[in-house]
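The values are calculated or read from the model by the stated rules, or taken from the named source; none is laboratory data. Every value quoted in this text rests on a predicted model; they were computed, and no experiment measured them. Cβ placement follows ideal geometry from the backbone for every residue including glycine, while neighbour counts extend to all protein chains displayed.
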């Protein structure tokens, strides 16, 4: 692949995933889109998964224009038969699945007392059941025979997840699934880990209602690092866990959150940007050449 200013600037060695087939669910936007770009830039044949073919095709075109290899498979991860058929089609087309990034998910802002059973189940099915189904089928149909690596994307659930209790419950379940799958599938040469993004400046923030804008913009003040993370910082963690460098890591959760869960009452928050003259803040890493600022942060 020819390097150019219009290509992904990964910190990992070129060709790291050469010859590998890696499935990325939720690959049409946000962290999934960024991760797909990085993996493709490192030589992987990426298979983009999502419900909307037009979004997947747009990302596929981006990857191919940068010299990478991408394919699409549109289906709903919440439907067992659809998942089984789609993974079968992926294996038939590409021969095997070497890696899975279980990234698809979503939630909405609502306190527990106002969440209906239907709303609760919708989030659980998307963030837990769907991820389980895709991982199971990738294991059964390919990884059980060939080995592989799975990275489940969870969230900053440590302590609590107020106003998103349905998502917190689902993500906690996915952490437990990650640990169990790591144990049960280890004999087949399969590693299973999770990445827990904290407050990441991603297009996913644009799905929240406009009235949430002030809250979203203020969230960085609760992060000791004093800023939001980037999609590329999350993608780098995913790439590491998929790589041979993590060959003895399984059943673990890698947090990408700027130490936000460590915040405690009684400890003064001294944000790095307020102390820039005294000491430099840790600069964000953003190797994604097509990164987009969420609308909620524009013109602010």
Counted residues in the stretch 41-58 being crowded, with 24+ Cβ neighbours inside 10 Å and under 20 Å from residue 83 (Cβ atoms) come to 6
Those strands (runs of 3 or more DSSP E) completely within the stretch 44-124 that have 2 or more residues that are more than 18 Å from residue 142 (Cβ to Cβ) are 69-74
Kindly indicate whether residue 61 is surrounded by fewer than 19 Cβ atoms within 10 Å (Cβ to Cβ) and modelled with pLDDT under 95. no
For the stretch 139-162, pairs from a residue that is in contact (Cβ under 8 Å) with a residue 60 or more places away in the chain to a residue that is buried (at least 18 other Cβ atoms within 10 Å of the Cβ) and part of a loop (DSSP other than H, G, I, E, B), with Cβ under 6 Å and 6 or more apart or across chains, are 153/103; 156/198; 156/257
Criterion first (modelled with pLDDT of 95 or more, surrounded by fewer than 24 Cβ atoms within 10 Å (Cβ to Cβ) and not in a strand (DSSP E or B)) does residue 16 satisfy it?
yes
The condition of being surrounded by fewer than 20 Cβ atoms within 10 Å (Cβ to Cβ), touching a residue at least 24 places away in the same chain (Cβ under 8 Å), in a helix (DSSP H, G or I) and in contact with a helix residue (DSSP H, G or I) (Cβ under 9 Å, 6 or more places away or on another chain) holds, among 227, 217, 171, only for 217
Flagged in the stretch 180-194 as surrounded by fewer than 16 Cβ atoms within 10 Å (Cβ to Cβ), in contact (Cβ under 8 Å) with a residue 40 or more places away in the chain and in a helix (DSSP H, G or I), in numbering order, are 183, 186, 188
Selection over the stretch 49-67 where residues are touching a residue at least 60 places away in the same chain (Cβ under 8 Å) and touching a strand residue (DSSP E or B) at 6+ places or on another chain (Cβ under 7 Å) yields a count of 1
message = Suppose the filter is without any contact (Cβ under 8 Å) to a residue 60 or more places away in the chain, in contact with a helix residue (DSSP H, G or I) (Cβ under 6 Å, 6 or more places away or on another chain), surrounded by 19 or more Cβ atoms within 10 Å (Cβ to Cβ) and more than 23 Å from residue 43 (Cβ to Cβ); does residue 200 pass it?
response = no
Across the stretch 19-33, the tally of residues that are over 20 Å from residue 107 (Cα atoms) and either part of a helix (DSSP H, G or I) or at pLDDT below 95 (or both) stands at 0
Every listed condition ((1) within 20 Å of residue 171 (Cα to Cα); (2) crowded, with 19+ Cβ neighbours inside 10 Å; (3) out of contact with any helix residue (DSSP H, G or I) (no Cβ under 6 Å at 6 or more places or on another chain)) holds for residue 108 save (2)
